[in-house]
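What follows is a set of notes on a single structure, which appears directly below.
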There are 2 protein chains.
Amino acid sequence: MNRNVAFLSRLGIRLPIIQAPMAGGSNTPEQIAACCNAGILGSLGAPYIEPDEIGKTLAAIRKLTDRPFNVNLFAPGWDTELKVQPEPMLDFLQPLYAELGSAVPKVPSRAMPVFEDQAELLIREKLPIVSVTMGLFPETVMQRLKANGTFIIGTATTVEEALALERSGVDAIVAQGAEAGGHRGAFATKNPGSPVGTMALAPQIVDAVRLPVIASGGIMDGRGIVAALALGASAVQMGTAFLICKESGVPESYKQAMLNAREDETVVTNTFSGRYARAIENRYTREMLRQNLQPLPFPWQNAMTGPMRKVAGAKNLPDLMAVYTGQGLRMLRPIPAAELVSALEREMRACLTDLRESFV
Amino acid sequence: MNRNVAFLSRLGIRLPIIQAPMAGGSNTPEQIAACCNAGILGSLGAPYIEPDEIGKTLAAIRKLTDRPFNVNLFAPGWDTELKVQPEPMLDFLQPLYAELGSAVPKVPSRAMPVFEDQAELLIREKLPIVSVTMGLFPETVMQRLKANGTFIIGTATTVEEALALERSGVDAIVAQGAEAGGHRGAFATKNPGSPVGTMALAPQIVDAVRLPVIASGGIMDGRGIVAALALGASAVQMGTAFLICKESGVPESYKQAMLNAREDETVVTNTFSGRYARAIENRYTREMLRQNLQPLPFPWQNAMTGPMRKVAGAKNLPDLMAVYTGQGLRMLRPIPAAELVSALEREMRACLTDLRESFV
């Protein structure tokens, strides 16, 4: 099966499914390899990983699969220096850290790995597939990736962003709908906190670009995959569905918080990292909102809340964790990734058969 | 064609499409009749219409079609008396009214028609189909509608709401996704301002209830209809797509504002009526947000901003209008409703054929 055989064959996959890159430990080598070996595209979310460590992770994945996989970075453009006074935020965080028996961490001299070093590593490794979120790769990076024959996937949350990515030379575009969990890939919208839902976004991007479109946001099972294909997508990208899988590297407390939450309990918030992301609403997000407190710019807010979220995760205190997740929470299946892929294939076929037989 | 033949036949329609009830003048008798005569279900959004006027509108529709149609009310439960001090809001509105050359209206003694009188009219008219948003019909109203053989459609924005509607005895449930324009039907969620997208909401409601589910939110063409059917819906409800049609009764300035806006320029805001609704972001919504000003409770905020919005519409000043619309703005087609229905049918068939041929 498949509408866009050339596209899937270029990605080396049998089913039109990409396991989403997710920064923050979910994408273990075991998860990525299980997905690739099951016939879909596995992805490593590498934006917060130092280049050396990315290299080691690539080697670990390659030990588990000989299939191609995708590596994701955030586009550069974030503030490499903190240009605002952090004191009001440190004052806000102090009692929360105290609750956890910790001190507020010192403001680091650097809050993210250096993008240029990360990009250099990806180019040197001659990766078959890379993806970018939160903007465009610089032109020189695009040229060197293309010289390597790398397939480049961009991420758009609006039609304008999709057109900018197309002009930049990417080979396919993820249409990230509002339902998606984790960080918004937004980079050219006035309303990053008020995103467009998948049902509206995917067909508008399909109509605007000539590239294959990968729908994401709220897709949790075979019904969602067929729905995305009906909207004109060539494939889907699924994060939340794999985040709960056995191989996912997030702590047990994180998975439990996902399983305990309902579909209307997530919000799009910039309180954790300084950039908008969908996460479960909790005491932390409510308190930031109540105090009408501006987060530090990305990635500084992320650096200052990271240790709090980590300790809270270890202590199973979801009220101080950032539980990034999409809105399809009642459709979560905490099973091995390979079993999930089998189920998705079965469900897709059943859904297509049902449409075929019901509508003649 | 059709999965749920009994359901469609009960609604008297050939295609699985409902033209959404939209309060505020969009649903003219001409629009409703054009939809019914084209083989879909037309709807009258009647929450703001006094019972006498509803009666006259029903007669006008019946002159134009002998097909059944749907009449929608808001569930009761709003504040029939204003219990907060309106002065801060009146102070905020004063310069805006002054800009339009008007004075702030006096706080009326009543801000909505009396629900019981509206319900009495619908019961007396023995309507074949009615729908309710923002809650449940009172038990006595349910009993009397059922005694008449009326088919009752409820509106849910979460699974909990869908289950409450099912328990109340409705016959079908609209799953209103986040992409939808206009008022949220929400009545039992803590996060009415942070709604669940159609791609995630529809299948979760389908899984939870035994009733037919009608998907809405972001559905603008045949691709969206097939996508909704893939998610398990028995039909779709489309508002925005019909709001722009020739027969829609909103002013030309309103339609022009929709055609000028992009998909990422709407927000879910309670600033216009006191209840959350999706509308185009403008100077009014931004100013309310900047001043962190609480709207009066529904329907009092609605009553106090209504004249401003009306005059602004007549003067073509979108910055002071409430342009309620969904997120599928690039897919708008300002054509007659019957032409839209023909196009939807053609597109549905093409989409199903494409899925059939591409995925074997």
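Give me the residue from the stretch B:321-360 that is within 10 Å of chain A (Cβ to nearest Cβ), in a helix (DSSP H, G or I) and in contact (Cβ under 8 Å) with a residue 12 or more places away in the chain and, out of that set, farthest from residue B:253 (Cα to Cα).
So, considering only residues that are within 10 Å of chain A (Cβ to nearest Cβ), in a helix (DSSP H, G or I) and in contact (Cβ under 8 Å) with a residue 12 or more places away in the chain, the one farthest from residue B:253 (Cα to Cα) is B:355.
Quick grid of which residues meet (1) modelled with pLDDT under 95; (2) within 14 Å of another protein chain (Cβ to nearest Cβ); (3) within 27 Å of residue B:309 (Cβ to Cβ):
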site: B:4; (1), (2), (3): yes, yes, no
site: B:20; (1), (2), (3): no, no, yes
site: B:23; (1), (2), (3): yes, no, yes
site: B:39; (1), (2), (3): no, no, no
site: B:49; (1), (2), (3): no, no, yes
site: B:54; (1), (2), (3): no, no, yes
site: B:61; (1), (2), (3): no, no, yes
site: B:67; (1), (2), (3): no, no, no
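If we scan the stretch B:193-215, do we find a residue that is under 28 Å from residue A:344 (Cβ atoms), among the acidic types (Asp, Glu) and surrounded by fewer than 24 Cβ atoms within 10 Å (Cβ to Cβ)?
First, the residues of the stretch B:193-215 that are under 28 Å from residue A:344 (Cβ atoms): B:194-215.
Within this subset, residues satisfying the condition of being among the acidic types (Asp, Glu) are B:207.
Add one more test, that the residue is surrounded by fewer than 24 Cβ atoms within 10 Å (Cβ to Cβ), and what stays is B:207.
For the stretch B:193-215, residues under 28 Å from residue A:344 (Cβ atoms), among the acidic types (Asp, Glu) and surrounded by fewer than 24 Cβ atoms within 10 Å (Cβ to Cβ): present.
Do we have residue B:175 as crowded, with 24+ Cβ neighbours inside 10 Å, closer than 17 Å to residue B:136 by Cα and touching a Leu at 6+ places or on another chain (Cβ under 9 Å) here?
Yes; evaluated as a whole, the condition is true for this residue.
Across the stretch A:208-244, what is the number of residues that are under 19 Å from residue A:166 (Cα atoms), touching a residue at least 40 places away in the same chain (Cβ under 8 Å) and not aliphatic (A, V, I, L, M)?
Looking only at that region, the number is 5.
Can you say whether residue A:44 is under 22 Å from residue A:133 (Cβ atoms) and not basic (Lys, Arg), as far as the supplied structure shows?
Answer is yes for this residue.
Only one residue in A:135, A:39 is in contact with a Lys or Arg (Cβ under 8 Å, 6 or more places away or on another chain) and within 23 Å of residue A:237 (Cα to Cα), so which one is that?
Criteria check complete, one pass: A:39.
Provide a single number: the residues in the stretch A:173-217 that are facing another protein chain (nearest Cβ under 8 Å) and either of a type in the set (Phe, Trp, Tyr) or in a loop (DSSP other than H, G, I, E, B) (or both).
Number satisfying all stated conditions: 11.
So which residues in the stretch A:14-39 are assigned to a loop (DSSP other than H, G, I, E, B) and of a type outside the set (Ser, Thr, Tyr)?
A:14, A:15, A:16, A:20, A:21, A:22, A:23, A:24, A:25, A:27, A:38, A:39
Scan the stretch A:190-225 for residues that are within 22 Å of residue A:277 (Cβ to Cβ) and small (Gly, Ala, Ser) and jot them down.
A:193, A:194, A:197, A:200, A:202, A:215, A:216, A:217, A:218, A:224
For the subset of the stretch A:139-172 comprising residues that are outside any helix (DSSP H, G or I) and out of contact with any strand residue (DSSP E or B) (no Cβ under 8 Å at 6 or more places or on another chain), which member is farthest from the other protein chains (Cβ to nearest Cβ)?
My answer is A:148.
Can you list residue pairs whose Cβ atoms sit under 7 Å apart, with the first residue in the stretch B:249-262 being among the polar types (S, T, N, Q) and the second being surrounded by fewer than 16 Cβ atoms within 10 Å (Cβ to Cβ)? Count only pairs 6 or more apart in sequence or on different chains.
If the second residue must be surrounded by fewer than 16 Cβ atoms within 10 Å (Cβ to Cβ), the pairs left are B:253/B:316.
The values are calculated or read from the model by the stated rules, or taken from the named source; none is laboratory data. Since we're looking at a predicted model, the values are computed, not measured. Positions of Cβ are generated from backbone atoms using ideal geometry, with glycine treated the same way; all protein chains shown enter the neighbour counts.
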